[in-house]
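Take a look at the structure set out below.
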Amino acid sequence: MHRLCFVIAALTACALPPGASAQDAYPSKVIRIVTSSAGGNSDVLARFVATGMSATIGQQVIVDNRGALAPAVVAKAPPDGYTLLINGSPQWLLPLLRPGTPWDAVKEFAPVTLATNSPSLLVTHPSVPVKTTAQLIALARARPGEMNYAVGTPGATPHIAGELFKSMAKLNVVRVGYKGTGPGVLGVMTGETHFMFPGAPAAMPYVKQGRLRAIAVCSAEPSALAPGIPTVAATGLPGFESVSPQAVFAPAGTPQALINRVQQEVAKVLKAEDVKQKLFSAGSEVVVSTPQVLADTMRRDIERISRLVKETGLREE
């Protein structure tokens with residue numbers, strides 16, 4: 001039996017070209033992209049990537065929707081390049097806000113690439129007598145404890161953005177919770193609340209209708225998703241930024257050669273003009289990166305929000 005196994009191994013080795021390895025044969029089976037619930041931003045992105053890679057990589061790529069537990073599923077997967085994760089920034093920020101989160105955002109994943117960004121938008125009810133970030137800060141400081149801001153899902157980007165704005169601007173404003181971004185936006189439109197930080201795609205239709213006033217976009221640079229709107233950082237609060245990135249990961253321990261191959265294939269898909277336009281129409285800008293840029297983005301986010309948690313006691317409620 002031992003002799004038979006030796007012969008099989010020898011024949012397998014001989015079948016490969018000189019210097020070849022299992023990595024050179026990648027992919028030799030179906031690749032699975034694990035992501036959040038169907039219909040969300042991560043799911044939309046995952047389906048574009050799966051369709052594009054299936055056409056170019058020589059193997060079927062499927063999407064596996066696992067909801068909020070998607071990161072935990074990938075963290076336990078073999079590091080062989082056949083299980084990938086597409087997820088947003090809650091993957092690396094949620095452990096800061098929710099003790100006991102069943103994954104370690106840094107130790108259990110290998111960054112592959114940033115994929116898309118969608119900025120938050122600072123909006124007010126049209127009756128609020130401000131047109132710039134500086135004016136909103138001045139008004140809130142002149143009326144301590146009287147102004148309020150809407151948040152949706154606890155721990156989501158609009159919530160974190162509101163807390164970060166409050167902390168950086170040193171404001172005494174009241175948080176008003178809603179059951180999601182949509183109800184929160186409605187609360188601002190009806191005048192129940194004064195301002196909010198929804199995603200630009202969710203807010204821009206109401207800005208165009210005049211039902212919301214867009215004060216500033218929360219990206220570091222002006223965004224084509226919010227044309228003509230200046231940044232918060234440039235209009236009153238330097239250093240402020242709030243975006244919702246989507247990114248691609250593999251399990252920790254995945255060989256660098258496989259990570260580089262996946263990064264190249266994902267980049268090929270996302271840089272296609274038709275894909276860029278479709279994602280833009282869905283509210284996201286393509287921002288392909290190296291694995292190191294994604295790792296650096298995560299590190300900066302974690303450091304910044306860790307300070308916020310320490311200063312304010314922010315937690316997912």
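Overview of results
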quantity: Residues within the range 249-267 that are touching a residue at least 60 places away in the same chain (Cβ under 8 Å) and under 20 Å from the mean Cα position of the chain (by Cα), tallied; calculated: 10
quantity: Subset tally (residues that are within 19 Å of Pro245 (Cβ to Cβ) and modelled with pLDDT under 95) for the range 24-38; calculated: 2
quantity: Complete set of residues in the range 253-281 that are outside any helix (DSSP H, G or I) and either of a type in the set (Val, Ile, Thr) or at pLDDT below 95 (or both); calculated: Thr254
quantity: Where Glu303 falls short, out of the listed (1) over 23 Å from Ala70 (Cβ atoms); (2) at pLDDT 95 or above; (3) in contact with a Leu (Cβ under 6 Å, 6 or more places away or on another chain); calculated: (3)
quantity: Looking only at the range 282-310, and only at residues there that are in a helix (DSSP H, G or I) and touching a Pro at 6+ places or on another chain (Cβ under 8 Å), the one that is surrounded by the most Cβ atoms within 10 Å (Cβ to Cβ); calculated: Leu294
quantity: Flag if Ile62 is surrounded by 23 or more Cβ atoms within 10 Å (Cβ to Cβ) and either among the basic types (Lys, Arg) or modelled with pLDDT of 95 or more (or both); calculated: no
quantity: Every pair of residues 6+ apart whose Cβ atoms lie under 7 Å, when the first sits in the range 90-115 and is closer than 16 Å to Val243 by Cβ and surrounded by fewer than 22 Cβ atoms within 10 Å (Cβ to Cβ) while the second is modelled with pLDDT under 95 and among the hydroxyl-bearing types (Ser, Thr, Tyr); calculated: none
quantity: Single condition Thr235 does not satisfy, out of (1) over 30 Å from Gly100 (Cβ atoms); (2) of a type in the set (S, T, N, Q); (3) in contact with a Lys or Arg (Cβ under 9 Å, 6 or more places away or on another chain); calculated: (3)
quantity: The range 272-297 residues that are assigned by TED's automatic domain parsing to the domain that holds Thr56, paired with ones that are of a type in the set (D, E, K, R) (beta carbon under 6 Å, 6 or more apart); calculated: Val286/Lys276
quantity: Any chance Ala257 is surrounded by fewer than 16 Cβ atoms within 10 Å (Cβ to Cβ), under 21 Å from Ile31 (Cβ atoms) and out of contact with any Lys or Arg (no Cβ under 7 Å at 6 or more places or on another chain); calculated: yes
quantity: Some residue of the range 148-167 being surrounded by fewer than 16 Cβ atoms within 10 Å (Cβ to Cβ) and at pLDDT 95 or above; calculated: yes
quantity: Which listed residue, of Leu96, Leu114, is part of a helix (DSSP H, G or I) and either assigned by TED's automatic domain parsing to the domain that holds Ala267 or modelled with pLDDT under 95 (or both); calculated: Leu96
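The values are calculated or read from the model by the stated rules, or taken from the named source; none is laboratory data. For clarity, every value in this text was computed on a predicted model and none was experimentally measured. Glycine gets a Cβ as well: all are built from the backbone with ideal geometry, and neighbour counts include every protein chain shown.
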